[in-house]
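Below: one structure, written as structure tokens.
None of the figures in this text is laboratory data; all of them are computed from the coordinates on show. Just so we're clear, the structure is a prediction, and the values are computed from it rather than from any experiment. Note that each Cβ is placed from the backbone with ideal geometry, even for glycine, and that neighbours are counted across all protein chains shown.
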Amino acid sequence: MLNEENSYNIYICGVGGQGIIKTSVIIGEAAMNEGYDVVMSEIHGMSQRGGVVSTELRIGGYKSSIIGKFKSDIILAFEPSEAVRALDKANKNTKIIFNTSPIIPSTLNQFNQTYPSVGNITESLNENYGSVYPVEGEKLAIESGSILSLNMVLLGAAIANDTFPLSKESIIKSMKNNLNSKFHNMNLDAIEKGYNIVKSS
Amino acid sequence: MDLNQLVNGKSGDKEFLLGNEAAVRGAIEAGVSVAATYPGTPSSEIGNILSFLAKDAGLFFEFSINEKVAMEVAASSAASGLKSFTFMKHVGLNVASDSFLTAVYTGTPGGMVVLSADDPSMFSSQNEQDNRHYARLANCPVLEPSNPQEVKDMMKYGYELSKKFSIPVILRTTTRISHMRGVVELGDVEITNNKTDDSNSINFGKNVHWEKGFFKKNPKQFVPVPENSMVMHEKLVSKMEDIEELANNSDLNFIFNSFENIDSENIKPKSKYGIISSGSAFNYAYDVVVEDNLANLGFDILKLGFTYPFPKDLALDFIEGLDGIFVVEEVDPIMEKEILAIIGEIGIDIPVFGKLDGTFPLIHEFNSDIVRDSINKVINSSINTIDNINNCNNCNNSNNINNSNNNINNCNNSNKINNSNNNSSNYNNSNKINNSNNGNNDLNINKRLKDIKDNLPSRPPTLCPGCSHRATYFGVRRAAEELNISNENLIFSSDIGCYTLGVSPPYETTDYLLSMGSSIGDACGFSVATNQYIVSFIGDSTFFHGGIPPLINGVHNKHKFVVTILDNRTTAMTGGQPNPGLPVDGMGDQAPEISIEEIAKACGCEFVEIINPMNLNKTIDTYKRALEYEGVSVIIAKYPCTLIKGLKRKRPMVIKEDKCNNCQNCVTTLACPAISIVDGKVEIDDLLCKGCTVCVQMCDEKAIGVKKDI
């Protein structure tokens with residue numbers, strides 16, 4: 001039976017190609033291995049073509065795989081403007097972790113739009129929410145060996161949170177189960193980097 | 001997740017599976033021998049996984065040319081005594097329907113499940129049709145799972161049912177079930193001996209790993225000429241009566257009437273309400289009942305998994321004594337009409353709250369918020385026996401729900417309703433209600449953040465960097481310009497695939513679209529009905545799927561239009577499955593590559609040219625000649641999709657700042673994701689750029705070149 005104290009809702013979002021679904025599966029399998037009931041929803045139909053990708057993970061006896069309005073415990077955004085787009089899922093206690101490197105839509109001009117400055121996004125999120133963690137994901141990923149480890153940097157940042165219900169060990173075990181062993185060391189390093197950034201903030 | 005576990009996993013193992021992965025495991029557990037599909041989201045992964053696992057699983061799998069052919073492959077296999085599986089997106093069943101409706105008559109003695117993946121809210125589809133209607137049209141049973149575990153279990157049960165009654169069974173999923181992940185406990189694989197190594201078999205040594213069936217001739221059963229069909233239909237109706245009995249007693253249908261949170265000591269519900277639901281809608285209804293503790297208000301849930309033939313007796317038992325019935329279902333009010341028919345037939349007077357009276361929305365998928373808001377509309381206006389409720393003014397007279405429809409929006413955001421619930425001492429868990437109703441308030445963010453949120457740039461899917469379709473679209477536009485053909489005089493008829501994205505600015509190369517393969521058929525119609533220029537676009541896979549018959553039609557009937565076959569060497573939109581234009585089949589083996597050029601010629605087309613669309617001058621020239629050609633001209637724009645793995649990476653482009661006059665034509669007319677404006681200047685992202693050179697060719701200032709220092 002669902003119990004709000006023991007439940008945890010994770011909303012992950014970004015742009016197609018950033019490794020969002022893989023990251024979500026890693027978390028979901030780790031939850032399963034720790035004995036939790038977990039369901040997940042993924043929207044990825046046309047995502048490879050630069051569209052928005054989002055996943056919703058619900059740990060703790062839920063039947064539906066969609067998080068209700070304002071019900072996310074954590075929002076993990078792989079792109080700053082996507083963090084803002086996800087705010088319908090946030091409440092005042094939601095932890096908002098986001099990668100500060102923007103992906104600017106090529107259609108900006110066609111629709112006469114402008115991309116908001118990242119500084120502005122960060123400051124205004126801080127003005128409205130208590131737990132906001134900007135992460136220089138691209139920089140840390142490249143330091144770990146490749147931009148492709150961006151998702152692991154953000155995964156590390158997510159699990160560093162005090163409220164995160166799963167252990168780092170089980171996340172790492174699940175990562176190893178899901179990613180090519182050639183890249184385990186790089187990805188471990190990326191997880192550590194993301195983890196430490198949030199722990200030290 | 002190791003996909004091999006879908007074959008090798010032992011009974012009792014737990015895996016975190018996608019609904020579509022669970023469907024594969026279900027097929028394997030059931031002992032399916034033959035599976036066929038045409039890829040379509042949200043069902044695509046099933047085919048991808050079967051393609052990968054078919055040999056290990058000991059079954060045959062193919063990507064058929066279209067859903068109709070896939071349906072035929074499955075039906076004749078089942079007629080030969082094998083368990084067969086076909087699956088498709090909801091609109092795929094339209095394509096397959098011609099064969100499907102008759103396969104229900106002839107029967108499927110081996111057992112056959114048709115998985116229909118519906119797409120409420122149209123995440124990746126042209127409509128959101130409700131395929132439960134097909135069951136009524138065809139007279140066949142429907143199972144509706146609510147999570148991956150049920151997908152697997154119902155697959156297995158579907159084969160039992162199908163085999164027992166020799167009738168195809170529809171397994172109806174929706175996007176949120178197909179693309180939902182959940183914990184699935186595996187079961188036994190029923191048949192493990194369907195691999196064959198019989199050296200006497202005619203297939204010995206060939207690429208076959210499945211046991212062969214045998215087709216026993218029986219024209220009365222399998223040849224639906226009218227005298228046979230009349231008997232078949234009669235038998236079918238009688239079968240469905242028997243199956244309804246099964247549905248009434250099925251384990252897949254059950255009642256939730258004791259929720260842990262209910263405090264029966266303190267709460268004596270004054271009314272009793274029933275929710276009838278299925279599929280993903282059930283999940284939302286269940287979570288709302290638990291979170292809002294609606295059980296204290298007397299809410300029970302009848303969850304239906306075996307939804308057609310509708311379990312009438314069970315539903316009647318459930319609704320007896322209720323004060324109101326909520327029917328929670330996605331997309332069309334189908335079960336609601338069943339319920340209304342039952343209570344009308346019996347002559348009892350119970351209000352039914354569903355889609356028909358406006359309680360629930362008639363379109364799009366549900367979520368917990370929608371279900372909660374919809375239920376609240378009713379309980380706040382008609383369950384007003386609870387103490388201290390300050391009736392929402394707008395809802396005062398809403399006992400007649402029809403009158404309240406216009407007030408729905410007003411009520412949704414009413415703080416009065418939220419506050420009044422909190423004041424009610426009858427609510428045991430008022431904090432929860434408080435929390436959930438906060439969901440109806442606005443975001444509560446300051447103006448600065450609200451401004452950013454309101455003005456976020458949109459992020460529509462676009463053609464990938466390096467996609468050859470961009471060059472083709474640019475070329476056809478330029479050719480029309482050079483021939484002085486106005487945009488109004490040029491109709492673009494398009495099809496289903498990535499290239500449909502050409503509908504957006506700046507290309508705007510989709511003016512008309514119906515379905516898979518329709519671009520050429522539509523062009524035939526335009527050619528007869530107008531004197532305009534017509535260019536149709538169709539992908540390589542879609543051409544094989546449904547494009548060949550209308551092409552023949554166009555030539556034979558002397559129509560005039562340009563067909564562009566965008567041959568990007570894969571079925572790109574659904575994730576890169578093979579099609580007959582490639583030298584590989586669905587099991588990864590070598591296969592004869594069918595030449596699109598030769599087919600077009602064989603269809604009678606005399607103007608057939610292959611171009612590399614990345615060569616802009618040649619592309620423009622070819623389109624000019626094609627547009628002036630009297631008859632059906634075919635241009636095959638051949639260039640591999642940039643998402644194909646293992647393609648050699650080319651050097652990226654760079655803006656030569658000394659030559660760039662910042663006209664931004666490359667940004668506005670190409671709209672390549674790799675080119676964007678940063679601080680007022682054009683920049684090319686060398687991580688995204690695939691080195692296709694189209695921007696180099698179109699830049700009048702010669703201000704774009706190959707980046708050397710990388």
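In 5 Å bins starting at zero, report the fraction of Cα pairs in the range B:1-104 per bin as a rounded %.
Here the calculated profile for the range B:1-104 is 2, 14, 25, 23, 19, 10, 5, 2, 0.
Among B:59, B:644, B:24, whose Cα sits farthest toward the positive end of the charge dipole of chain B (+1 at Cβ of Lys/Arg, -1 at Cβ of Asp/Glu, about the Cα centre)?
Selected residue: B:644.
How long are the three semi-axes of the equivalent ellipsoid of the protein assembly as shown, in whole Å, if each is the root of 5 times an eigenvalue of the C-alpha gyration tensor, listed from largest down?
43, 38, 28
If you rank B:3, B:449, B:362, A:155 by fewest surrounding Cβ atoms within 10 Å, what's the result?
B:362, B:3, B:449, A:155
Would you calculate the separation in nanometres between label points at residue B:190 and residue B:696, each defined as 7 Å from the Cα along the Cα-to-beta-carbon direction?
Rounded to a tenth, the inter-label distance reads 6.0 nm.
Taking the Cα centre of the range B:79-200 as origin, work out the dipole magnitude from +1 charges on Lys and Arg Cβ and -1 charges on Asp and Glu Cβ, in debye rounded to 20.
Numbers: 12 positive and 14 negative charges, 30 e Å.
Roughly 140 debye, rounded to the nearest 20.
When the gyration tensor of the range A:1-148 is built from Cα positions, what are the square roots of 5 times its three eigenvalues, in whole Å, from largest to smallest?
26, 18, 15
Averaged over A:37-44, how many beta carbons belonging to a partner chain fall within 10 Å of each residue's beta carbon? Mind dumping the intermediate values first?
Numbers: counts 2, 4, 9, 7, 9, 7, 7, 6.
Partner Cβ neighbours, averaged per residue: 6.
Charges only on Cβ, +1 for Lys and Arg, -1 for Asp and Glu: so what's the dipole of chain B about the Cα centre, in debye to the nearest 20?
It works out to roughly 1780 debye.
I need B:104, B:706 ordered by Cβ neighbour count within 10 Å, fewest first.
Ascending Cβ contact count within 10 Å gives the list B:706, B:104.
For the range B:653-706, just run the numbers: alpha carbon Rg, then divide by 2.2 N^0.38 Å, N being how many residues it has.
Against the empirical 2.2 N^0.38 Å value, I get 0.97 for the range B:653-706.
Which lysines, on any chain, are close to residue B:650 with Cα under 21 Å apart, when same-chain ones fewer than 8 places away are left out?
B:638, B:690, B:702, B:707, B:708
Please sort by residue number the trypsin sites (Lys or Arg not before Pro) in the range B:510-618 whose DSSP state is loop and whose Cβ has at most 15 other Cβ atoms within 10 Å.
Answer in residue order: B:558.
Hey, got a sec? Which trypsin sites (Lys or Arg not before Pro) in the range B:1-74 land in a DSSP loop and have at most 15 other Cβ atoms within 10 Å?
Values: sites: B:10, B:14, B:25, B:55, B:68; in loops: B:10.
Those satisfying the criteria are B:10.
If you place +1 on the Cβ of every Lys and Arg, -1 on the Cβ of every Asp and Glu, and leave all else neutral, what size is the dipole of the protein assembly as shown about its Cα centre, to the nearest 20 Debye?
Values: 80 positive and 106 negative charges, 396 e Å.
For this selection, approximately 1900 debye.
Can you tell me the alpha carbon radius of gyration of chain B divided by the globular rule-of-thumb value 2.2 N^0.38 Å?
1.09
Using mean Cβ contacts within 10 Å as the protection proxy, how do A:10-16, B:109-115 order, highest first?
Per-residue Cβ counts within 10 Å, averaged per peptide and sorted highest first, yield B:109-115, A:10-16.
Give the angle, between 0 and 90 degrees and rounded to the nearest 10, that separates the Cα long axis of helix B:468-482 from the longest principal axis of the Cα atoms of chain B.
60 degrees
Holding the Cα-Cα limit at 22 Å, pick out from A:182/B:645; A:22/A:168; B:68/B:337 the pairs that are longer than that.
B:68/B:337
How well do other chains shield peptide B:147-153, expressed as the mean number of their Cβ atoms within 10 Å of each residue Cβ?
Mean number of neighbouring Cβ atoms from other chains: 1.
Applying 1/(1 + (r/R0)^6) with R0 = 56 Å to the Cβ-Cβ distance of residue B:512 and residue A:92, what FRET efficiency is obtained, to the nearest 0.05?
Numbers: r = 49 Å, r/R0 = 0.87.
E(calc), rounded to 0.05, equals 0.70.
Evaluate the distance, in nm, between pseudo-label points positioned 7 Å from the Cα of residue B:683 and of residue B:133 along their respective Cα→Cβ axes.
5.0 nm
Taking chain B as the reference, fit the longest principal axis to its C-alpha atoms, fit the long axis of helix B:226-248 to the helix C-alpha atoms, and give the angle between the two in degrees, 0 to 90, nearest 10.
So the helix axis and the longest Cα principal axis differ by about 50 degrees.
By the gyration tensor of its Cα atoms, with a ≥ b ≥ c the square roots of the eigenvalues, what is the shape of the range B:230-346: rounded for a/c under 1.5, prolate for a/b over b/c, or oblate?
prolate
Considering every residue in B:443-456, what mean count of other chain Cβ atoms within 10 Å of its Cβ is obtained?
Mean partner-chain Cβ count within 10 Å for B:443-456: 6.
When only C-alpha pairs under 8 Å and at least 6 residues apart count, what is the relative contact order of the range B:83-190, in percent?
Relative contact order for the range B:83-190 comes out at 34 percent.
Could you compute the FRET efficiency for residue A:178 and residue B:556, with r as their C-beta to C-beta distance and R0 at 45 Å, rounded to 0.05?
Efficiency for this residue pair is about 0.25.
Taking amide H atoms as placed 1.01 Å from N in the peptide plane, list the residues 5 or more away in sequence, or in a different chain, whose amide H sits under 5 Å from that of residue B:511.
Counting only residues 5 or more places away or on other chains, the set is B:492, B:493, B:494.
Between residue B:356 and residue B:456, what is the label-to-label distance in nm when each label sits 7 Å out along the Cα-to-Cβ direction?
Those two pseudo-labels are separated by 3.9 nm.
Contact order normalised by length for the range B:319-379, with contacts defined as Cα pairs under 8 Å and 6 or more residues apart; what percent is it?
Value for the range B:319-379: 36 percent.
Among B:466, B:311, B:325, pick out the residue whose Cα is farthest towards the positive end of the charge dipole of chain B, where Lys and Arg carry +1 and Asp and Glu carry -1 on C-beta, about the Cα centre.
Of the listed residues, the answer is B:466.
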